[in-house]
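A.B. asks: Got a structure for you, written out below as structure tokens; questions coming shortly.
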Amino acid sequence: MALVALIEAIGHVQDQPTQIKLRRAAYLHAIIEAILAERVDALPEIYSVAK
């Protein structure tokens, strides 16, 4: 649920620094969710959000 809200918020935010923060939050949320579910195969791919 929280992940969906983060992803939806990314589409509505116009300033790039806030979008980057939301993308990072979504990425961390996906990692934590996969770990809690003990599903290593569900871990997100590593990618650069911003330098």
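The values are calculated or read from the model by the stated rules, or taken from the named source; none is laboratory data. Everything numeric in this text was worked out from a predicted model, so none of it was measured. Note that each Cβ is placed from the backbone with ideal geometry, even for glycine, and that neighbours are counted across all protein chains shown.
A.B. asks: Looking at the chain only, could you name the residues that are part of a loop (DSSP other than H, G, I, E, B), basic (K, R) and either surrounded by 13 or more Cβ atoms within 10 Å (Cβ to Cβ) or at pLDDT below 85 (or both)?
C.D. replies: K51 - this is the single residue of the chain that is part of a loop (DSSP other than H, G, I, E, B), basic (K, R) and either surrounded by 13 or more Cβ atoms within 10 Å (Cβ to Cβ) or at pLDDT below 85 (or both).
A.B. asks: Within the chain, track down each residue that is of a type outside the set (K, R), touching a residue at least 24 places away in the same chain (Cβ under 8 Å) and touching a helix residue (DSSP H, G or I) at 6+ places or on another chain (Cβ under 8 Å).
C.D. replies: If the condition is that a residue be of a type outside the set (K, R), touching a residue at least 24 places away in the same chain (Cβ under 8 Å) and touching a helix residue (DSSP H, G or I) at 6+ places or on another chain (Cβ under 8 Å), then A2, L3, H29, A30, E33, V49, A50 are the ones that fit.
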